[in-house]
Amino acid sequence: MSGPSFHYIEATRLDDALAQGARHGATYVAGGTDFLQLWKTGLAAPKTVIDICRLPLAEISYAGDTLSLGALSRLSDVAAHPDVKIHHPLIADAILASASGQLRNMATLGGNLLQRTRCPYFRSAGLACNKRAPGSGCGARDGENRHAALFGTSSGCVATHASDLAVALAALDAEIVVASAAGERRLRLPDLYLLPAPTTAPDSSLADGDVITAISIHDACRFAPRSTYLKIRDRASFEFAVVSVAAALQIEDGVITAARLAAGGVAPLPWRLHGSEAALVGRAPGKAAFAAAGDLAIEGATPLAKNAFKIPLLRSAVIRALQTIGGVS
Amino acid sequence: MNAHSHARYEALLKVTGQARFEGEIAPAGLLHATLIEAPIACGELVSVDAVEAPTRPGFATLVTHDDSASLKSSAATTLIRETAIHFHGQPVALVAASTLAEAHDAARAVRIATAARPAVTQMDQALGAAIAPEMVGRFPAATRRGDVATALGEAELVIRNRYSTQVNNHHPMEPHVVVCWWEGPKAVVHTSTQAIFATRATIAQAFDMPPRNIRVLARFLGGGFGCKGQLWWPWMFWAMLASRKTGRPVRLELSRAQMFTLVGRRQQTEQDLALGFANGRLTAITHDVVAQTSAHTDYSDSTAVYSRLLYACPNVSTTHRLVRTNEPQPVPMRAPGTAPGTFALESAMDEAAERLGLDPLDLRVKNFADHDQETGRPWSSNSLLSCYRVGAERFGWADRQKRKKRDGRWTIGFGMATTLYPAIRQACRARVRLNGDASLVVQCGTQDMGSGTYTALGQIAADALGIPMAKVTVELGDTWLPDGPFSGGSQVTASIFPAVQSATAQLRAMLASMAASDANGPLGGKTSDDLDFEGELIRSRSSNAAERLSDVLARTAPDGLVAEGESAATDHPKLAATGMGHGAVFVEIGVDSALGEIRVRRVCAAFAAGRILNPLLARSQYVGGLIGGIGMALHEQTLTDRATGCILGKSFADYLIPVHADMPEFDIAMIEEDDPHLPGSVKGIGMLGSAGIQAAIASAVHDAIGKRIRHLPIRIEDCLGPACDTAQR
Ligand SMILES: Cc1cc2nc3c(=O)[nH]c(=O)nc-3n(C[C@H](O)[C@H](O)[C@H](O)COP(=O)(O)OP(=O)(O)OC[C@H]3O[C@@H](n4cnc5c(N)ncnc54)[C@H](O)[C@@H]3O)c2cc1C
Ligand code: SF4
């Protein structure tokens, strides 16, 4: 299948891209791995496609405990980069648990963060979906919703965000650098995403024409010795997360001094588990602390007909991830 | 006959890209076509407004039901002749244009109007309206022997459960495709089909033209699994009509998404099964199946048929019923009937073994059927007991309980089950030409789905005449060749074998008499039963004398020799013995019960399916089948949105099939059988791997975590146990 034809522009300079991208009906494409799926099925029908993958925004650098990742870096390059592997293995783990080798060779960081939901109603033209067609309703809410979210949903949308990388980045308090014609701004990663409203559910807070130029992570290499990305899925590889957990701990003298937990597959955005984190800090790693974190992780979860199993699953996943890095079971 | 692990005949062609698949045929002036789909699951097509489409660049033609009026009415043309809409995504028009993008663009400009009626989108919405078909394939749909009610009443143990299986789709890598054109009154149809002659027959009927005016070609296929079995997609006729309207060749290829809706599916089943036992022996079986069929055509797998004969049991009752829903049409899919049917029967046997305190393997052995109790006939051959023994030995079944039950996060479980599939043949003709230089050409109008038919055809002829495979050319997939069998039901090798053998026997006789009749030649005066064919020579068994085939030919038949062989289809009513292939599958799985994940760690399967021509190809068929079975057990499920009838997640990102990481080590044992009833002792093998393993996996899950899962696929939510820290809760 092919979608409607469009005008194709290859951008070589950021300011050009920004100027073109702000025009009505324009969209960016980087690795194209998500965009092409949407275009082929008629879900994305831009007038103009601006190919930004040749913009010089693929640098990876690490200095003064800040890791900076160019937004057009390929997932496979990031996962293989020594500074990432050594100082931020959580990022490499999350990437290597994503998609397949071929896809990771094409897919970019920015594109990964901005991929659209896998909700099958969103991806089937013609079905009710507030995210795709505001006001049309939500087919998933009373339909097939095994994949759907437990947190942050609205009456209008129960979709999850599918990126694994975003979950790891949320746990590491990453910042997103966004360029627009008006200049550059920085966002906390969760602020890149929006929670759904009653009849609409835009994914991201970016305005038309905004380009993500970089991702930066400060003061996180202290988690390198104890971090893990646990991804649970029906088959062994090449599947989006049913539930995932990014976990990182800092333990000093037998006491947890810092904890980071974020969950994937359970919310419209990477879901930081602040309550669980707070319950861990100041305690000795071990069964009691981990169970408390697990209990708090599922507080406030609202299940639908077919996704209630994700609640005990999330709890178990949090505990398992903590056991993996906590040095005790 | 010798077993030879010849590499695939067409391997080099395929890996070097020289094998031309029919969808790659690109005649000059080729038009590209696309289908417009109905957005409703039930109702009527009201109008097709194509005012704007013809103004689009590249537009060539639009084909609708109106054009189909010129076609003969038949089951194959109903969907394109009538305006009734039976399922979401049913094509309502075809658009052809110069490029595919232009076709899509023009199709978007066509406005269709439909009138919806309430749809039945789920079996249980219409259970009350279930119908009872007469037949399921070639078997009666309902059977009863003995007195089931009394036997169940008197049984010491009754296992009674409901088992359910989901819709699966076939998904060969190569989707359905046709490239077709007309040469005056004649049609040339390149298409990816498992049945060129059946395709030709349906075209002949629809277009009311003599079959000789139609040439159908399918020389290479990228898989089929049953969905390319016959003309399941009448929209091919629309491509032919588009070609007739425009006078240009037309190409139509289905999208991956359309492979979920337009080419068939494995039907959903709900199976009520009861087993009664006394003294560890089966005294009663009832197996009642309700399955989904489409709103326009009834189709039933032979799901309960195998419960009639796999085990010895005096009292057996089976029924099949169908619920018509506004969902796509089911068709046979690899291991039709046996895959869902053995899931129920073999899962119940495992449960019975547990309740009886018997080893599941011993229970099977104890209930072995020494003849086909449904027909009263003997087995043509049956080595199931050897399969159990050999498989168990290689797997280490007997001491499985001594093995560690944990490996890191995994709780280990073991399970086993039986698989079976009938050995049947179709009519077949084959032509073998021996050229003057002693090279061979074998011709048969069958297809190679990728399963090795080229190799098997070449090998049978080459072996019979003592000619190396390197000197054999095989031609298939063309209706200009002698009529061959369709590729399905694990029948091709068994069907071509006697036909090719008959042709080569004729050639051997001619050559022997040619060699013997030359008084001055090295074999002069020898009798033909003294002569053997080997290493491109005709040899005397009783002396050292031999003569090169090429010398015999040069002397007496410089232009070569040709012979045609023919064989008949299995004549079921007249059979003296029931032909059946068997297997025993043993699996080891791991369940992470805190996280619900299940992974298959090890599979050992022993199969007995007559004589194996080519162990390398056979192994590939078995392993491929087992992988398909793992998919059905753990991954595959076609989802329907019940509100609209629309199939959801129509892509490989969403419809899960096993990836390499899901494929464990496969240990395959092949038990050879001499079968006096079957030509060459050849039975089919393609289906065997795809049944049985589902129940073996479900039983292994039970062994690991103590939960009986009676539906497929078995997924995370089914295996989620208490969290890893229950002690703390
Ligand atoms: C079969 C399959 C399995 C997958 N499995 C996983 C998985 O397990 N886990 C996972 O996380 N992902 C998975 N993915 C998703 C995959 O990771 C994304 O498709 C990919 O990361 C997108 O990156 P891209 O560069 O190709 O994006 P594109 O498709 O090029 O772009 C996606 C969107 O982002 C916008 N965009 C891209 N870059 C920028 C930028 N710098 N600034 C502003 N806008 C931008 C584009 O306009 C577009 O709208 C899977 C995808 C497939 C097809
Ligand atoms: S959950 Fe969201 S994305 Fe899915 S159908 Fe509902 S509105 Fe659309």
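Here are the numbers for this structure:
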| read-out | value |
| --- | --- |
| Residue check for B:VAL623: among the β-branched types (Val, Ile, Thr) and more than 14 Å from chain A (Cβ to nearest Cβ) | yes |
| Some residue of region B:561-572 being free of Cβ contacts under 8 Å to residues at least 24 places away in the same chain and away from chain A (no Cβ under 14 Å) | yes |
| Test: residue in region A:187-197 that is within 16 Å of ligand 2 (Cβ to nearest atom), part of a loop (DSSP other than H, G, I, E, B) and modelled with pLDDT under 95 | yes |
| Candidates A:ASP83, A:ASP16, filtered to the one that is more than 7 Å from ligand 1 (Cβ to nearest atom), part of a helix (DSSP H, G or I) and closer than 22 Å to A:ARG260 by Cβ | A:ASP83 |
| Among residues of region A:194-219, those that are more than 13 Å from ligand 1 (Cβ to nearest atom) and surrounded by 23 or more Cβ atoms within 10 Å (Cβ to Cβ), counted | 2 |
| Neighbours by Cβ (under 7 Å, 6+ apart or cross-chain): first from region B:149-165, under 12 Å from B:SER347 (Cβ atoms); second of a type in the set (Asp, Glu) | B:ILE159/B:GLU351; B:ARG162/B:GLU270; B:ARG162/B:ASP272; B:SER164/B:GLU270 |
| B:THR338 being surrounded by 24 or more Cβ atoms within 10 Å (Cβ to Cβ) and under 17 Å from B:ALA312 (Cα atoms) | no |
| Which listed residue, of A:ALA80, A:ALA45, is free of Cβ contacts under 8 Å to residues at least 60 places away in the same chain, of a type in the set (A, V, I, L, M, F, W, C) and touching a Pro at 6+ places or on another chain (Cβ under 7 Å) | A:ALA45 |
| Search result, residues across region A:211-241 that are more than 16 Å from ligand 2 (Cβ to nearest atom), touching a residue at least 60 places away in the same chain (Cβ under 8 Å) and part of a loop (DSSP other than H, G, I, E, B) | A:ASP219, A:ALA220, A:ALA224, A:ARG226, A:SER237, A:PHE238, A:ALA241 |
| Check on B:VAL600, within 14 Å of another protein chain (Cβ to nearest Cβ) and touching a strand residue (DSSP E or B) at 6+ places or on another chain (Cβ under 6 Å) | yes |
| Leading residue by the ranking (nearest to the other protein chains (Cβ to nearest Cβ)) among those in region A:266-289 that are part of a loop (DSSP other than H, G, I, E, B) and within 25 Å of A:LEU189 (Cβ to Cβ) | A:VAL266 |
| Of all residues in region A:86-106 being within 11 Å of ligand 1 (Cβ to nearest atom) and farther than 26 Å from A:LEU322 by Cα, the one that is farthest from the other protein chains (Cβ to nearest Cβ) | A:ASN105 |
| Pairs with Cβ under 6 Å, 6+ apart, first in region A:144-166 and away from chain B (no Cβ under 14 Å) and closer than 22 Å to B:THR640 by Cα, second among the polar types (S, T, N, Q) and assigned to a loop (DSSP other than H, G, I, E, B) | A:ALA149/A:THR160; A:GLY156/A:ASN130; A:GLY156/A:THR199; A:CYS157/A:ASN130 |
| Any chance A:ALA292 is within 14 Å of chain B (Cβ to nearest Cβ), touching a Leu at 6+ places or on another chain (Cβ under 8 Å) and crowded, with 17+ Cβ neighbours inside 10 Å | yes |
| Test result for B:LEU440, free of Cβ contacts under 8 Å to residues at least 60 places away in the same chain and touching a strand residue (DSSP E or B) at 6+ places or on another chain (Cβ under 6 Å) | yes |
| Of residues in region A:226-260 being closer than 16 Å to A:ASP93 by Cβ and among the basic types (Lys, Arg), the one farthest from the other protein chains (Cβ to nearest Cβ) | A:ARG260 |
| Any chance B:ALA96 is of a type in the set (A, V, I, L, M), crowded, with 22+ Cβ neighbours inside 10 Å and more than 14 Å from chain A (Cβ to nearest Cβ) | yes |
| Sole residue being buried (at least 23 other Cβ atoms within 10 Å of the Cβ) and more than 30 Å from B:SER567 (Cβ to Cβ), chosen from B:ILE693, B:ILE685 | B:ILE693 |
| Residues of region A:60-80 satisfying the condition of being under 16 Å from A:VAL167 (Cβ atoms) and near ligand 1 (Cβ under 9 Å from one of its atoms) | A:LEU75 |
| Pick from region A:27-80, criterion within 21 Å of A:ARG116 (Cβ to Cβ) and in contact with a Cys (Cβ under 7 Å, 6 or more places away or on another chain), ranking: farthest from ligand 2 (Cβ to nearest atom) | A:LEU72 |
| Of the criteria (1) part of a helix (DSSP H, G or I); (2) within 16 Å of ligand 2 (Cβ to nearest atom), which one A:ILE95 fails | (2) |
| Looking only at region A:123-136, and only at residues there that are over 20 Å from B:ILE40 (Cβ atoms) and surrounded by fewer than 24 Cβ atoms within 10 Å (Cβ to Cβ), the one that is farthest from the other protein chains (Cβ to nearest Cβ) | A:PRO134 |
| Sole exception among (1) over 18 Å from the mean Cα position of the chain (by Cα); (2) more than 13 Å from chain B (Cβ to nearest Cβ); (3) away from ligand 1 (no atom under 15 Å from the Cβ) for A:LEU172, by number | (1) |
| Residues within region A:268-278 that are out of contact with any Asp or Glu (no Cβ under 8 Å at 6 or more places or on another chain) and surrounded by fewer than 23 Cβ atoms within 10 Å (Cβ to Cβ), tallied | 4 |
| Failed condition for B:ALA115, given (1) part of a strand (DSSP E or B); (2) at positive phi; (3) not charged (D, E, K, R) | (2) |
| Count of region A:133-155 residues which are within 16 Å of ligand 1 (Cβ to nearest atom) and outside any loop (DSSP other than H, G, I, E, B) | 0 |
| Enumeration of residues in region A:25-42 that are in contact (Cβ under 8 Å) with a residue 24 or more places away in the chain and assigned to a loop (DSSP other than H, G, I, E, B) | A:ALA30, A:GLY31, A:GLY32, A:THR33, A:ASP34, A:THR41, A:GLY42 |
| Subset of region A:19-42 [more than 6 Å from ligand 1 (Cβ to nearest atom) and over 17 Å from B:SER651 (Cβ atoms)] | A:ALA19, A:GLN20, A:GLY21, A:ALA22, A:ARG23, A:HIS24, A:GLY25, A:ALA26 |
| A:ARG315, sole failed condition from (1) away from chain B (no Cβ under 13 Å); (2) in contact with a helix residue (DSSP H, G or I) (Cβ under 7 Å, 6 or more places away or on another chain); (3) of a type in the set (D, E, K, R) | (1) |
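The values are calculated or read from the model by the stated rules, or taken from the named source; none is laboratory data. Because the structure is predicted, anything quoted here is derived from the model rather than measured. As a convention, Cβ positions derive from the backbone with ideal geometry for all residues, glycine included, and neighbour counts pool all protein chains shown.
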